[in-house]
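Student: Here's a structure for you.
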Amino acid sequence: MLFPDYRPRRLRQSENLRRMIRETQLSVNDLILPLFVIAGRDVKNPIPSMPGHFHLSIDHFLKTAQQAYDLGIPAVIIFGIPEKKDALGTEAYADNGIVQKATRALKEKLPDLVAITDVCLCQYTEHGHCGVVEGNIIDNDASLDLIARTALSHAKAGADMVAPSDMMDGRIGEIREILDENNLNQVPIMSYAAKYCSAYYGPFREAADSAPKFGDRRTYQMDPANALEAIREVTLDIEEGADIIMVKPALAYLDIICRVREEIDLPVAAYNVSGEFSMVKAAAKLGWIDGSKVMMETLTAIKRAGADLILTYFAIEAAQVLQS
Ligand code: PBG
Ligand code: ZN
């Protein structure tokens, strides 16, 4: 049927009609809130490039988690800012590391909120790489044990889900094995499976103090030009035992989310990363865009592309909009 018989505008005439035929429904159920935890008490230091986000000591971290919980957000993902760094990132897998402490406190206060932990070494190593450095090389196999130990210590602290973001080959299998050996076979792994080497991580690296001190992450994170390789990465992680697979970043990689969604039957998560957040905030502050509308449009686009879950610094604001 063609114009003038068919008129697409017929079904756009009122908000109720539009609601009836809307194909994508963003829901609070889809949102995961990233939080940055730091040592100390009563610390709430703003992260300048990420308005509304802070380095939170555990007391404030719990308050923000409560706010998320009260809004119906099902999960938070915890990033730690350790007190000290060393060559092997020992604070990442210390029983009393910052993420371990925060996880225990969170599970005590809000047992129903899903506590996801980011598993990586880059915030904890002096050199800022996501694995062990030998000379100028990021040593894949030497990193696996430390990454697996980090995941194990998070799970022992009560993490409901672990999310390895390092991009070393073989880490999902290693983590699944160590969790299973320790009676933690019910702890799911959300794998940062297709994680690109992206300049959109800039604000996060400032926030987490995790920028590499030499070189870059191109030998382990994916080349932004590659799409088929994302399918291989995702497939490998599933074979090794991933329960949820992630594409990161989200907005410049909607095609990857879409392809992964078509090929894979596991839940797909997408990470709406720091740079994507900061660009919206900056343009909104300049009065160049309507920040709230661009936020909702962005999150809807990520969902429409095929993401079931969205990790986003907008989680609280978006939940507020969805509630209103
Ligand atoms: C590193 C890590 C990164 C992010 C989370 N964990 C990126 C990186 O530094 O390579 C990015 C998150 C963001 O930009 O919001 N393991
Ligand atoms: Zn890392």
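The values are calculated or read from the model by the stated rules, or taken from the named source; none is laboratory data. All figures in this text were calculated on a predicted structure; none of them were measured in a lab. In this analysis, Cβ positions are derived from the backbone assuming ideal geometry, glycine residues included, and neighbour counts consider all displayed protein chains.
Student: Name the residues in segment 32-74 that are touching a residue at least 40 places away in the same chain (Cβ under 8 Å), assigned to a helix (DSSP H, G or I) and either over 25 Å from R205 (Cβ atoms) or of a type in the set (F, W, Y) (or both), would you?
Tutor: Within segment 32-74, F61, L62, Q66, Q67, Y69 qualify.
Student: A follow-up question, please. Search segment 20-31 for residues that are in contact (Cβ under 8 Å) with a residue 40 or more places away in the chain and farther than 19 Å from A269 by Cα and pair each with any residue that is exposed (fewer than 13 other Cβ atoms within 10 Å of the Cβ) and charged (D, E, K, R) when their beta-carbon atoms are under 7 Å apart and the residues are at least 6 apart or on different chains.
Tutor: none
Student: So, restricting to strands (runs of 3 or more DSSP E) that lie completely within segment 96-213, which ones have at least 2 residues that are touching a residue at least 24 places away in the same chain (Cβ under 8 Å) and touching a Ser or Thr at 6+ places or on another chain (Cβ under 7 Å)?
Tutor: Where strands (runs of 3 or more DSSP E) fall fully within segment 96-213 and carry at least 2 residues being touching a residue at least 24 places away in the same chain (Cβ under 8 Å) and touching a Ser or Thr at 6+ places or on another chain (Cβ under 7 Å), they are 114-119, 161-164, 190-195.
Student: Starting from segment 259-280, keep only residues that are within 15 Å of P51 (Cα to Cα) and hydrophobic (A, V, I, L, M, F, W, C), then list their pairs with residues that are part of a helix (DSSP H, G or I) and more than 12 Å from ligand 1 (Cβ to nearest atom) whose Cβ atoms are within a distance under 8 Å, requiring at least 6 positions of separation or different chains.
Tutor: Taking only residues 6 or more apart or on different chains, the pairs are V280/G291; V280/V294; V280/M295; V280/T298.
Student: Could you grab me the full set of residues in segment 114-137 that are buried (at least 24 other Cβ atoms within 10 Å of the Cβ), more than 10 Å from ligand 1 (Cβ to nearest atom) and of a type in the set (V, I, T)?
Tutor: Once the filter is applied, which keeps residues that are buried (at least 24 other Cβ atoms within 10 Å of the Cβ), more than 10 Å from ligand 1 (Cβ to nearest atom) and of a type in the set (V, I, T), segment 114-137 yields I116, T117, T125.
Student: Regarding segment 141-150, can at least one residue be identified that is over 19 Å from the mean Cα position of the chain (by Cα), away from ligand 1 (no atom under 15 Å from the Cβ) and more than 24 Å from G215 (Cα to Cα)?
Tutor: For segment 141-150, residues over 19 Å from the mean Cα position of the chain (by Cα), away from ligand 1 (no atom under 15 Å from the Cβ) and more than 24 Å from G215 (Cα to Cα): present.
Student: Separate question: Among what's in segment 237-264 and is small (G, A, S) and touching a strand residue (DSSP E or B) at 6+ places or on another chain (Cβ under 7 Å), pick the residue that is surrounded by the fewest Cβ atoms within 10 Å (Cβ to Cβ).
Tutor: If we take residues in segment 237-264 being small (G, A, S) and touching a strand residue (DSSP E or B) at 6+ places or on another chain (Cβ under 7 Å), then G241 is surrounded by the fewest Cβ atoms within 10 Å (Cβ to Cβ).
Student: Further question: Inspect segment 257-278 for any residue being over 16 Å from the mean Cα position of the chain (by Cα), modelled with pLDDT of 95 or more and closer than 19 Å to Y201 by Cα and give the result as yes or no.
Tutor: Within segment 257-278, not a single residue is over 16 Å from the mean Cα position of the chain (by Cα), modelled with pLDDT of 95 or more and closer than 19 Å to Y201 by Cα.
Student: Sticking with this one: Answer yes if at least one residue in segment 79-89 is assigned to a loop (DSSP other than H, G, I, E, B), within 15 Å of ligand 1 (Cβ to nearest atom) and of a type in the set (D, E, K, R), and no otherwise.
Tutor: yes
Student: Which pairs have Cβ atoms under 7 Å, sit 6 or more apart or on different chains, and link a residue in segment 290-302 that is in contact (Cβ under 8 Å) with a residue 40 or more places away in the chain to one that is outside any helix (DSSP H, G or I) and surrounded by fewer than 17 Cβ atoms within 10 Å (Cβ to Cβ)?
Tutor: Partner pairs satisfying both residue conditions: T300/T24.
Student: Could I ask something else about it? Regarding segment 112-129, can at least one residue be identified that is among the charged types (D, E, K, R), farther than 21 Å from Q221 by Cβ and more than 20 Å from the chain's Cα centre (by Cα)?
Tutor: Scanning segment 112-129, I find no residue that is among the charged types (D, E, K, R), farther than 21 Å from Q221 by Cβ and more than 20 Å from the chain's Cα centre (by Cα), so the answer is no.
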